[in-house]
Amino acid sequence: MSSSNIKKKYFSKINEIKKHNQHYFEKNNPKISDSEYDKLKNQIFELEKKYTFLKSKDSPSNTIGFRPSKNFLKSNHRIPMLSLSNAFDLEDLNNFEKKIFNFLNLDKGTKLEYSVEPKIDGISASLTYKNGELTKGLSRGNGYEGELITENLKTILDIPSKLKGNNFPEDIDIRGEVFIENKDFQKIKENFANPRNAASGSLRQKNPSETKKIPLKFIAYTFGFIKNFKIIKQSEFLEFLKEWGFKTSKFNKIIEGTNNLQKNHIEFEKIRYDLDYDVDGLVYKINDFKLQDRLGFVANAPRWAIAHKFSADSSFSEILDIDVQVGRTGALTPVAKIKPVNIGGVVVSNATLHNEDEIIRKDIRIGDAVKVERAGDVIPHVLSVDISKRTNYSKKYIFPEKCPSCGSKIVKEFNLITKKYDAVKRCPSEGFKCQKIAIEKIKHFVSKDALNIEGLGKKVVEKFWELKLIKLPQDIFSLDYKKIESLDGWGKLSVANLKFAIENAKKISMEKFIYSLGIRHIGQENSKLLSKYFKSAKKFVEINEGFNFNNLLNIDGMGDTQVNSLKRFFADRTNNLVVNKLNEYLDVSNQQNIKTGKFQNKTFMITGKLEGISRAEAKSLIEKNAGRFVSNVSKKLNYLIIGQNPTSKKVKKAKELKIQVIDQDKWQKLLN
Ligand code: IVH
């Protein structure tokens, strides 16, 4: 081969790998399997070895592998890795603190101490140390199950393989953030959209020696599981981390009161960009572990912590058109197609307009010059219009009267709680009649917090739908794999992976099963309540057979909105078919009363005000001791606890039903 032909061959392969890197990292939509990628990489290496004159800055020998493996083994977190709720301003902070005061029934004058820590925008990891030795490292994964990336984590210099000193728990999961500094990101930025992706990509290399090539950093900030070790404050724990050989943030501090938190936030925001890594906010944690413990969790986030986000990046663009997207619950969201613009390192070409009222309020028209804002992982939105730039060509947007997908007449719902009509317009179609809703339901069904099927991302679901491979959720369990294998971008390996992921997803907890159905107003928390109530999937699936839906109103946390939504859902034939079929395909584990405690199988209700303890905390204490809290006096109630000014009707009814009526003292005696 002539040298020019060799070069030609070489550069065509370089271009090919460049293209695949883009598909993989930027579009998150790989076109070839891992092994095909490795083959291509090796061909390039071979050529370079043989013909030493071949050189390219895009060669994988310079840019290293950069292809994270999707095939790590999974392992459960002993304590889930949950997320944080967000606050954006002082009002959010005050609300956060108010809830804590109410829950803990604190005096107005009480000063709460917060541990304040920068929220580094990286990838969280959990490290298990047994007798001081690093034995296991997991990525966050879906919060309950992570990827086993021990060897990769071990290559990070900030992660000690042995804890220093001798004053540490015999078994502990230490958690923190893996990230890359901006100066290091600059060297490899061609391959990644942002530093966070770069950290995630290099951490998840199949070959740990590839991870080692990138200087990843680690900052520790919390723990999951811990065995027999007395620590009373978060600030004390952060000191221990240093003693054990970890890096912690030098910006960690203790602050009292929300006004001071706000002041500190303003100061920190000024120096935010002086740091050599991305920080997207500050995390506030109640410093006292005893209080943290009392406060506990709600759904996926602790009551005792919050992330105070920094204000967003923004930029200017032009509205080219307005589209309406149909969501899983039928909500119609107007989305502006804008002239692509780089906002804080990410190219944005869509920005939400929220709803029709917002379009009217901000007087947004097609053709307008607009300011667009993007904050972290939140969807970018149109902030305002620059009226001075408006031309005669700008066009008012008329919101459709009918669903753009199925043609149903659009409705506005009346909210039972706020007693107002919603701002959101909806397609009222139930079940799977509206195509767009159906696709969104399937996306929800396979999503992280539901069946969590890796390899079935949003784009893949859309593709499969288009090709009529899936129409209803259960179709996922009878896919035509031969056909999929022949599709562009698919191969034997990726099909085998998909099959494996789907098989794996069949074993599922009852609460996830209920959640996966995507019933409106039935989120993770309500799914948990329902699964506790019904106990077996069979009972839930047979809900239409003589069950009185109003019984569900006895469950504390369920209201008319939820119960009406369930009625509506089960009144639809297709929904029933789907639920039945899914119950056949899936191996839904029954909700067991795994919890044991003093109050096992006992139900409680409170009437009147308790002294020194909030109702929410009393409820949480009952549940911690395996009891159940109900909101109705019925034969199923075991104890009615009376506080000050009880409702006499409830007490009377309880006495009639021969239910034990006890006062707060008696209840607390039962507890201790
Ligand atoms: S504490 C339940 N502390 O933020 C407690 N998280 O949205 C949650 N993060 O996945 C973890 N800095 O990746 C905590 N100082 C910090 C943090 C921090 C960053 C990330 C972490 C987590 C996410 C929660």
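What the table below lists for this structure:
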quantity	calculated
Search result, residues across region 347-394 that are in contact with an Asp or Glu (Cβ under 9 Å, 6 or more places away or on another chain) and touching a residue at least 60 places away in the same chain (Cβ under 8 Å)	355, 373, 374, 375, 376, 382, 383, 386
Check on residue 388, closer than 28 Å to residue 422 by Cβ and either open to solvent by less than 40 Å² (accessible area, probe 1.4 Å) or more than 22 Å from the chain's Cα centre (by Cα) (or both)	no
Qualifying residue in region 624-631 (condition: among the charged types (D, E, K, R) and within 19 Å of residue 103 (Cβ to Cβ))	yes
Residue 486 of a type in the set (S, T, N, Q) and free of Cβ contacts under 8 Å to residues at least 60 places away in the same chain	yes
Qualifying residue in region 88-100 (condition: within 16 Å of the ligand (Cβ to nearest atom), more than 23 Å from residue 291 (Cβ to Cβ) and open to solvent by 30 Å² or more (accessible area, probe 1.4 Å))	yes
Residue ranges of strands (runs of 3 or more DSSP E) in region 164-258 with at least 1 members of a type in the set (Phe, Trp, Tyr) and touching a residue at least 12 places away in the same chain (Cβ under 8 Å)	171-180, 216-226
Region 299-334, subset within 16 Å of the ligand (Cβ to nearest atom) and not in a strand (DSSP E or B), residue least open to solvent (accessible area, probe 1.4 Å)	310
Strands (runs of 3 or more DSSP E) completely within region 101-141 that count 3 or more residues being at pLDDT 95 or above, surrounded by 14 or more Cβ atoms within 10 Å (Cβ to Cβ) and more than 10 Å from the ligand (Cβ to nearest atom)	123-130, 133-139
Among (1) open to solvent by 20 Å² or more (accessible area, probe 1.4 Å); (2) more than 12 Å from the ligand (Cβ to nearest atom); (3) polar (S, T, N, Q); (4) under 30 Å from residue 30 (Cα atoms), the one test that residue 200 misses	(2)
Sole residue being of a type outside the set (Phe, Trp, Tyr) and within 11 Å of the ligand (Cβ to nearest atom), chosen from 252, 264, 287	252
Flag for residue 274 being free of Cβ contacts under 8 Å to residues at least 60 places away in the same chain, under 25 Å from the mean Cα position of the chain (by Cα) and open to solvent by 40 Å² or more (accessible area, probe 1.4 Å)	no
Looking only at region 142-172, and only at residues there that are farther than 26 Å from residue 197 by Cβ and surrounded by fewer than 18 Cβ atoms within 10 Å (Cβ to Cβ), the one that is farthest from the ligand (Cβ to nearest atom)	166
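The values are calculated or read from the model by the stated rules, or taken from the named source; none is laboratory data. Note that the structure is predicted; figures quoted are calculated from it, not measured. Positions of Cβ are generated from backbone atoms using ideal geometry, with glycine treated the same way; all protein chains shown enter the neighbour counts. Accessible surface areas use protein heavy atoms only, side chains included; no ligands, DNA or RNA. Shrake-Rupley method; radii C 1.70, N 1.55, O 1.52, S 1.80 Å.
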